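Participant: Can you keep this structure in mind? I'll have questions shortly.
Just so it is clear, none of the values below were taken in a lab; they were calculated from the coordinates. No experiment lies behind these values; they were computed from the predicted model shown. Using ideal geometry, Cβ is built from the backbone for each residue, glycine included, and neighbour counts are taken over all protein chains shown.
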Amino acid sequence: MTALLEVKEITKKFSGVTALSNVNLRLEGGKVTALIGENGAGKSTLLKIMSGIYTDFEGQILFKGQEIKFSKPKDAQEMGIGIIHQELNLIPYLTVAQNIFLGRELVNAFGFLDREKMINKTKALLSRLKLEVEPTALVGTLKVGQQQIVEIAKALLTESEVVFMDEPTSAIGESEVEVLFEIINKLKAEGKAIVYISHKLDELFALADDFVVLRDGKVVGQGGVSEISRAQLINMMAGREVKVVKKPTKNCTEEKVLEVKNLGLLNPENPQRPLLKDISFDLCKGEVLGVYGLMGAGRTELCESLFGLNHRKLTGSILLNGQKTGFKSPIEAIDAGMALVPEDRKKDGIVAGMSVSKNLSLTVIEKVSKFGFLSDVLHTKLYDKHVASLKIKVHNEDQAIKNLSGGNQQKVILGKWIERNPTVLMLDEPTRGIDINAKNEIYELIARLSASGISILVISSEIPEILAISDRILVMSEGEITAEFSSEEATETNIMNACIPENMNQ
Amino acid sequence: MISLKKNFNIAQFQSLIALFVLCLALALLTDNFMTTDNFWNVMRQISVNVCISVGMTLVVLTAGIDLSVGSILAFCGAVTAGLLKNGLSIPSLNLFIGFTVLGAIVAGFLIGGGLGFVNGYAVTKFKVPPFVATLAMLTMARGFTMLWTKGHPITGLGDSFGFLGTGWFLGIPMPVWISGLVVITAVILTSKTRFGRYIYAIGGNENASRLSGIPINKVKIWVYSIAGLLAAVGGVLVTARLDSAQPNAGISYELDAIAAVVIGGTSLSGGRGTIWGTVLGAIIIGVLNNGLILMNVSPFWQQVIKGMVILLAVIIDKSNQKSE
């Protein structure tokens, strides 16, 4: 049987960093293939190649045995490849029907929009997906779960023969998941090939026929789901036979540096579901506290709240070194000894066009000034110091930070905070999208900093990472802390169990 | 000396070559271009635009825009002229205040800075988009000018004030001294101080800057205030040169300033550009204006040509960025 879609020897590099190397994939009609891997394994890169977003790569894509080439996303769509992206690509100010037909609007004989026909087609699609909303409703007024279904409807409109779904359940509730699974099984029966990307192994076992595991851009395992155990899959993803080096638990006998009491954060869009609810925990001197949670669990909101953002919507109290704080801005938080390495490096971390040494000095500009004027000599001194101690790979201090690899950019951001010698260092997904060597260097750095007395709060959505670096682990779900483990107690399974929202309701 | 290496980039090198070619062509095509008189003439003419453009550069570097500078220029020029000539009388309090030249100028500067402050306050505290906030100020300041002047020019301001616009000092016209001082100060400010670094950081990535503890609002308010102040400086120069404050002075000056900024290689999305670039841009526009007049090109064509130069400059700048 010829495969519906075949991917041969695909390699993709980003300015020297290999994101995918020699990936082969065979998708057959009527089958669900699970594509799994940790963050940064290359899943999204593969997806972007399949959807025609990345067009320069090595290797071939065969569709029904014919080699195909995309020059833009629309080519992939027209070829019959539908992609449901993890992040919603909908326009809130347009209606459901307008969103579904975006870019492929139906017109009548005069060239005008055929509103009625589009609305009818949308109705048919929505009822097929059991979504009870009007085609004329504005997408912005729908719940996130409903928006996700609209996104799926968009992919189904073109009658795609191959459908890629990137974590489609990350934002939707249990009942919607059931509907989604029904839809997937229906599509499967119609002979379509489905690629299902998810972290949630339970879903994969319930749904998939085949699996493909990606790690560091390579396919490290594939086969039939019935022939593999959960543990084997986890090992393939992590690339080690439960080789997690656990740190000995440090007892919190020393002084409490940060005390968070009943912290709450209102959700302006939905007052019934606060973004943070009744969060209480302590952080000791020199401790590494890991916070695990799925997307939307409130992890980032927690960091931001501790850093003086959102202060108007906060309830509860935060004590730093025994003193009650009420930071109204990051400036006040920083002055008090807080530091934050944000999750989205490009958006919140680096000033892309600025040089490495200017990025390094952003938080400590008074240290590179003399008599009120900036000093080139002091810039160079600061730069030399951190390039050496953090092993930053960079040509010279005037190189723009955007031309560095992700790992080196992250080291620069870490450097600018280390230079301030903070009391509490918050790291939000510190190793997202960076290569394995830089990851290990950052883990070592975290250990070194905590040994020097800095208290560290690390957020991560990679369980092995959390297990490897934390003294203690908090698990968050839907804005609440659902479990706390010492590093001895913590295992992949009990962390996973604590972070799934459904579990709490039972 | 300010390091030329760091303050110079490809775009400015290209602008410099363009300027050189332009001057060469004009020298060959006209008899009067390469004369000392004409040189100082051009320099004096551009000095107003240079002052405004420097302020505009600071604003644009923060990824903002200031459309109000032309109107602020007119209002401040009129305030200075009015105070100088008539003083300030408040009949209800039976109060009259006379103004010296210096006092009148300082009052004009304060008003300029104050209106700039209002721009900055609206942009930061009320999150009004800069385009809208300064558009509103453009209209309001023009209205204030009309109210203050009652629609008539204020003329006859005396020689010592006129000296600022028409006088010479050490062989160099006064407006050139003043705009030169503005430029040097701004170059030092942008390249050598924390404030300057913050301007670039905010324009480069406002989120990252906020999370690094940079006082975004404070810096922006200062930037708009400085832009207003420099518009007032331009207003004094214009008024002094003409010995008259015209109620419709400065109309569309903001566009000339934006043109100078853009030709000088400053990115309208912020974070990238230099004062020197803007100065070059202003000189190119000034020389082009002058040359087209010397060549007897019709004013209508002059506008077409200027527009094309702006477009060309940005296209070249974009292709530079791509090849980087």
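Participant: Enumerate the lysines that B:LYS85 could reach by cross-link, defined here as Cα to Cα under 29 Å, with residues fewer than 8 away along the same chain left out.
Facilitator: The reachable lysines, counting only those whose Cα sits under 29 Å from B:LYS85, are B:LYS150.
Participant: So if each residue of separation counts as 0.36 nm, and I subtract the Cα-Cα distance between A:THR11 and A:LEU201, what length gain in nm does that give?
Facilitator: Computed gain between A:THR11 and A:LEU201 is 65.7 nm.
Participant: So in the stretch A:5-238, what percent of DSSP beta bridges are antiparallel if you round to the nearest 5?
Facilitator: 60
Participant: Counting other C-beta atoms within 10 Å, and keeping those with at most 16, which DSSP coil chymotrypsin sites (Phe, Trp or Tyr not before Pro) do you find in the stretch A:92-176?
Facilitator: A:TYR93, A:PHE110, A:PHE112
Participant: Could I ask something else about it? Of the listed pairs A:LYS69/A:LYS154; A:LYS143/A:LYS200; A:LYS72/A:LYS393; A:LYS31/A:LYS130; A:LYS69/A:LYS411, which have alpha-carbon separations greater than 28 Å here?
Facilitator: Result: A:LYS72/A:LYS393; A:LYS69/A:LYS411 exceed 28 Å.
Participant: How big, in percent, is the set of alpha carbon pairs in the stretch B:271-324 lying more than 13 Å apart?
Facilitator: 66
Participant: On to the next question. Among DSSP beta bridges lying fully in chain A, give the percent that are antiparallel, nearest 5.
Facilitator: 55
Participant: Hey, with R₀ at 35 Å, roughly what FRET efficiency would B:ILE17 and A:VAL377 work out to, going by the Cβ-Cβ distance, to 0.05?
Facilitator: So, using R0 = 35 Å, E works out to roughly 0.60.
Participant: Given points 7 Å out from each Cα along the Cα-Cβ axis, report the B:ILE305 to A:GLU182 separation in nanometres with one decimal.
Facilitator: Label-label distance for B:ILE305 and A:GLU182, simple model: 7.3 nm.
Participant: Of all the stretches in chain B, which is the longest one without any exposed loop site, taking chymotrypsin sites (Phe, Trp or Tyr not before Pro) in a DSSP loop (any state but H, G, I, E, B) with at most 16 other Cβ atoms within 10 Å?
Facilitator: Here the longest run is B:127-324.
Participant: In the stretch A:94-192, what trypsin sites (Lys or Arg not before Pro) fall in a loop by DSSP, with at most 14 other Cβ atoms inside 10 Å?
Facilitator: Those satisfying the criteria are A:ARG104, A:LYS130, A:LYS143.
Participant: Next question, about the same structure. Once fully extended, how much extra length lies between A:ASN108 and A:LYS385, figured as 0.36 nm per residue of separation less the alpha-carbon to alpha-carbon distance?
Facilitator: Difference between extended and current length: 93.0 nm.
Participant: Quote the relative contact order of the stretch B:4-318 in percent (integer), defining contacts as alpha-carbon pairs under 8 Å separated by 6+ residues.
Facilitator: This gives 35 percent for the stretch B:4-318.
Participant: Can you give the charge dipole size of the protein assembly as shown about its Cα centre, rounded to the nearest 20 debye, using +1 on the beta carbon of Lys and Arg and -1 on the beta carbon of Asp and Glu?
Facilitator: My answer is approximately 1980 debye.
Participant: May I pose another question? Report the label-to-label distance for A:LYS72 and A:ALA451 in nanometres (one decimal), using points 7 Å from each Cα along the Cα→Cβ vector.
Facilitator: 5.5
Participant: Tell me the GluC sites (Glu not before Pro) within the stretch A:55-104 that lie in a loop according to DSSP and have at most 13 other beta-carbon atoms within 10 Å.
Facilitator: A:GLU87
Participant: Say a site is exposed when it is one of the trypsin sites (Lys or Arg not before Pro), sits in a DSSP loop, and has at most 10 other Cβ atoms within 10 Å; what is then the longest site-free stretch of chain B?
Facilitator: B:151-324
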